[in-house]
Structures are given as structure tokens and as C-alpha cells.
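Input: a single structure, listed below in C-alpha cells.
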Amino acid sequence: MANGSYDGHRLLEEELADFYGKAHGMVFSTGYQANLGMLSSLAGPGDVILIDADCHASIYDGCRLSGADMVRFRHNDTASLEKRLKRLGERASRTLIVVEGLYSMLGDTAPLAEIAALKHAYGAYLMVDEAHSLGVYGPQGEGVTAYADVGGDVDFIVGTFSKSLAGIGGFCVSDHEALEQVRYASRPYIFTASPSPSVIASTRAALRQLRDRPELRERLWDNADALYRSLTDTGYRVGPELSPVVAVLLDTREEALALWHGLLENGVYVNLVFPPATPDGKSLVRCSVSAAHTPEQIEWIGEAFASLAEDGSAQRAGGRG
């Protein structure tokens, strides 16, 4: 607010707004703070925030900071969402629905067309976090909102620079003029350091690459498809949808830890995730596929998983039953 914004910051905000076909853009220091800043400013006491139960911790924290009533609905369950909207009655018009485009644990996408229809039916507002779907879905990589052709129905789109844009920072874009007023109301925005000009410059360059090189997205999907099929064929339990987030589900922490160690010994590093960060109390190892992986590397990763299945580790890791 005092002296943290340069021309580059404003240009990036304009470029992000143009990328999503929105009128306004706002850049935050991190993706986490984008959710904190927007949710704590858009809603307050007397309002309601309806969130998917599997939403990221930053969304939960933003809801708590807002002082609004937070209500969860079952993950990707539009019947559960509508039931809660019905119960709210007239308060539905003071309700913000919050979902993610692509969920980071299992790699499944939100049914945004159905959610957008419910938003209109009950007079609510809709915010979509495209942190993991930016650069992955849509004609230019805008995310699931563009893929589902509901960009005009979404009131606020938030995201991060730390995934497909390989930087640090976050953003929100919207057609609501109120987004400009958030700058003067959002404590996580006002009372934190501005992103450095070098980070802003590299993020702008990455955004141009994302828009101008569709072949990167094609390569990404080829890699994701190859790994997903390889793990499925080997007998591992994977997430419900093909996406660049390829998760293998395990029943216990011990099984997940054993598989993670086995992969590391084979030269493959993946994320090890335990409850409560995971859905349904499962543990998982999560592969994050990128366009930078070569076909040979994807094959090698699949072979590492397969070798652990062949020597019996898959049974211990909840793979083949």
C-alpha cells in the first residue's frame, strides 16, 4: 500500500486479467495469501462461505479469518451443495461458494458446470481456486473454469505462481469492481511485503510461455497419460481421474512410507502425504508430472513402481490385492 507496487506489478495484474477474460486483477505475495486476503475481505459476520470439504488449508484459514459462517459440503457432491443452499434460504444470496478447479491430493476436477448452475439458481457467488489447474486445462491453460466454459459464471478466480508458472506469488481476477476495493480492506495484502520485481518479471515471462507454447500442455498430458496408465496396469490404486497429479492410495502410513522409501532407493522422488491432509483417512504417494519430464523418465518412473510391485512391496503398499 505504501510503496510496494511498480509498473511490473500492475502490468502482471493486467495480463492475468486479460488471460482469464476478466476486467480486474490483483497480485498477492503468495498463493496462500491470495486465499487469505480474498476470503477475509469478501465475507464477514452474517455471511456464509460454502466450501468443498477437500479444499486447501488456505481456504479453511481464510474462512476463519473472515468471521463468516463456514459450511462444508461433501467433496464434488452437487446434491450435498444444493441441500445446504436450500437450508440457507434467504441467506443464500449472502453466500460465497468456494471450490478448487483441480484438487491437489487425488487429481480430480470439480463439476463446475453444475456448481455454476446452482450458484445462479440460488443467487450465490462463486470463487474457484485454479492453483493446480492453471496451465493444465482450457484453450490457453486458463484452468478448469475455461475447460468447463463457465468463466463468465465465476465471480472470483484465484491461483498461485508456484505451480505452472514456477514462481512465488498469487493472484485474483474478477469482473467485479469491488476487487479494486479489496486492496484497501485485505489485511494479508496490506501488511505483507510486495513480491520482488524480479519475481514479477519472471512470472510475466512464464505466463507468456504458457500462452504461446501449447505444445508444452500437449507434452504434459502425454506424460500424465503414460504414467497413469502404467501405474493402473501394474495394479496400483490411483486417483479417480487422469490429470498431472497422479496419486497412489495406501491404507496405512507404514505402507505409504515403505513405498516412498522404495521409490527413493530407485531414484524416484515423490510426495509422501499422510492424514489429515489426505481424503478419507488414506495415505498416499503423489507424483506431480510436468512437461519437462522426458518419455524416458516417465517410463523409468513406471518401471520403479512396477519393480516394487514385483518384489511384493505393492501388497504391503496397498497396490495389488
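The values are calculated or read from the model by the stated rules, or taken from the named source; none is laboratory data. In this text the structure is predicted, and so the values were computed from the model without any measurement. Here the Cβ positions follow ideal geometry from the backbone for every residue, glycine too, while neighbour counts run over all protein chains shown.
Kindly indicate whether residue 90 is at pLDDT 95 or above and under 16 Å from residue 159 (Cα atoms). No; evaluated as a whole, the condition is false for this residue.
Listed here are the residues, each with its yes/no results for (1) out of contact with any strand residue (DSSP E or B) (no Cβ under 9 Å at 6 or more places or on another chain); (2) surrounded by fewer than 22 Cβ atoms within 10 Å (Cβ to Cβ); (3) under 19 Å from residue 102 (Cβ atoms); (4) among the hydrophobic types (A, V, I, L, M, F, W, C).
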position: 129; (1), (2), (3), (4): no, no, yes, no
position: 134; (1), (2), (3), (4): no, no, yes, yes
position: 153; (1), (2), (3), (4): no, yes, yes, no
position: 160; (1), (2), (3), (4): no, no, yes, no
position: 164; (1), (2), (3), (4): yes, no, yes, no
position: 172; (1), (2), (3), (4): no, no, yes, yes
position: 198; (1), (2), (3), (4): yes, yes, no, no
position: 212; (1), (2), (3), (4): yes, yes, no, no
position: 217; (1), (2), (3), (4): yes, yes, yes, no
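Of the residues making up the range 280-300, not one is free of Cβ contacts under 8 Å to residues at least 12 places away in the same chain and crowded, with 19+ Cβ neighbours inside 10 Å.
Yes/no per residue for (1) under 19 Å from residue 108 (Cα atoms); (2) among the β-branched types (Val, Ile, Thr); (3) modelled with pLDDT of 95 or more:
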| position | (1), (2), (3) |
| --- | --- |
| 128 | yes, yes, yes |
| 136 | yes, yes, yes |
| 144 | yes, yes, yes |
| 148 | yes, no, yes |
| 153 | no, no, yes |
| 161 | no, no, yes |
| 170 | no, no, yes |
| 175 | no, no, yes |
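Only a single item in (1) at pLDDT below 95; (2) surrounded by 13 or more Cβ atoms within 10 Å (Cβ to Cβ); (3) over 20 Å from residue 222 (Cβ atoms) is not met by residue 310, and it is number (2). Looking for something touching a residue at least 60 places away in the same chain (Cβ under 8 Å), in contact with a strand residue (DSSP E or B) (Cβ under 7 Å, 6 or more places away or on another chain), charged (D, E, K, R) and not assigned by TED's automatic domain parsing to the domain that holds residue 224 - is there at least one such residue anywhere in the range 50-63? No.
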